[in-house]
Structure formats: structure tokens, C-alpha cells
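Quick notes on the structure that follows.
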Amino acid sequence: MVYVWEFEFFDSGGMVDAVPCGSLGGGGTFGSDLNDAIASAADFLACMVDDHLMGGVDLPAPDFGHEPQNGGKIIAVAVSRELGDIPAITAADAARMLGVSSARVSQLIGAGLLESWRDGTKRMVSKASVEARLADSPKAGRPKEAPVAI
């Protein structure tokens, strides 16, 4: 499916900022020039769409015809995304990669520490969330309690 959203592009301290118009949520991105900022806005939109697809939640309806709020230009950015475009592995493969049990992967998913969705009968986990978990893996064992100040 193709998703289209308007962004405002404007100069900001030697960079070009890109801020989504309407109800896509806060945030935005930037680039070294307009072309770079448009590419960054497309990546931003793709990530927002992916998050909504994984969560099974529809994006807010886009609206068009926005006026610049920061003295820039309004440009519509489009991306084509499907749930199958998101690099993913099965929950069992995620458990093997992380060196934990399948039950622990379920706990991590429930705690929001791994992104996942159902594909038929299989639980799929985004490869990016597993790689992020590996890069910032917690130490083995239980966390030590902080000393209590008296």
C-alpha cells in the first residue's frame, strides 16, 4: 500500500528540517540539503507506517493542503509499505539469537522490549528489535538492589 503524507521543509541552522504536517505525531527529521531531507522524511514515514503495521493500528487519516508554519515549503512524501516489507524472524529464531527461551521472548514482547506481530499462526519479531536488544544486552543474573540511604 502507498502511504502519502505532507511534510514542511525549512532551513534551520545550515540544515533542512522536515516536520510532518497534521496528526502523524511529534518529531521529524532533517537533511544536509532538500534532497537529503526528503529522503530522511521518506525513511521517517516508513518507520511510522511500520510501527502502525506491527501494532495492527491504522495510521491517522492524512489530510492535505497544509500551509507552512515555519516559512518553508510543503511537499508530499510517499512510501510503499506492507507488513511483509519489515525484516523479521520467527519468535523461535529470536530466542536462539538472543540465547534465551521462547517463554523469555514472550515476556520481552509483552514488556514492549521486542516488536512483534502475528502472521497466521506464527509470531514474527522485527529483526531490528532483536539486533537492538543484542547491542544493548543486559548483564546476566538479577540486577543488584540500590543501597538504601539512611
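Extending 7 Å from the Cα toward the beta-carbon at both SER80 and ALA128 defines two label points whose distance is 2.0 nm. What FRET efficiency comes out for the pair ASP36/ASP119, r = Cβ-Cβ distance, R0 = 35 Å, nearest 0.05? About 0.55, to the nearest 0.05. For region 1-40 versus region 74-104, the spacing of their alpha-carbon centroids is 25 Å.
Across region 53-64, rounded Karplus estimates of 3J(HN,Hα) from the backbone phi angles (6.51 cos²θ - 1.76 cosθ + 1.60, θ = phi - 60°) give 5, 5, x, x, 10, 6, 5, x, 5, x, 10, 10 Hz, Gly and Pro being marked x. When ASP17, ASP51, ASP136 are compared by accessible surface with a 1.4 Å probe, the order from highest to lowest is ASP136, ASP51, ASP17. About its Cα centre, the dipole of region 1-95 is roughly 40 debye, where the only charges are +1 on Lys and Arg Cβ and -1 on Asp and Glu Cβ.
Once C-alpha pairs closer than 8 Å and six or more residues apart are averaged by separation and normalised to the residue number of the chain, the relative contact order reads 21 percent.
The label-point distance for THR90 and ALA111, in a model that sets each label 7 Å from Cα toward Cβ, rounds to 2.5 nm.
Probe of 1.4 angstrom, ligands and nucleic acids ignored: what's the accessible area per residue over the chain, in square angstrom?
62 Å²
When the chain is described by a simple charge dipole with +1 on each Lys and Arg Cβ and -1 on each Asp and Glu Cβ, the residue from PHE44, VAL79, ALA128 located farthest towards its positive end is ALA128.
Here VAL100 and ASP43 are evaluated by their C-beta separation; at R0 = 25 Å the FRET efficiency comes out at 0.25.
Percent of Cα pairs in the chain per distance bin of 5 Å, from zero to the largest separation: 2, 9, 15, 16, 13, 12, 11, 9, 7, 5, 2, 0, 0. Estimated at the nearest 10 Å², the accessible area of ARG123 is 80 Å² with a 1.4 Å probe. Counting only protein heavy atoms, what percent of the accessible surface of region 1-143 is carbon or sulfur at a 1.4 Å probe? For region 1-143, the apolar C and S fraction of the accessible surface comes to 53 percent.
Using a probe of 1.4 Å on the protein chains alone, the accessible area found for LYS73 is around 120 Å².
The values are calculated or read from the model by the stated rules, or taken from the named source; none is laboratory data. Treat the numbers as computed from the prediction; the structure is a model and nothing was measured. For neighbour counting, all protein chains shown are included, and Cβ atoms are generated from backbone atoms with ideal geometry for every residue, glycine included. Please note that ligands, DNA and RNA were not included when accessible areas were found on the heavy atoms of the full protein model with its side chains. Shrake-Rupley method; radii C 1.70, N 1.55, O 1.52, S 1.80 Å.
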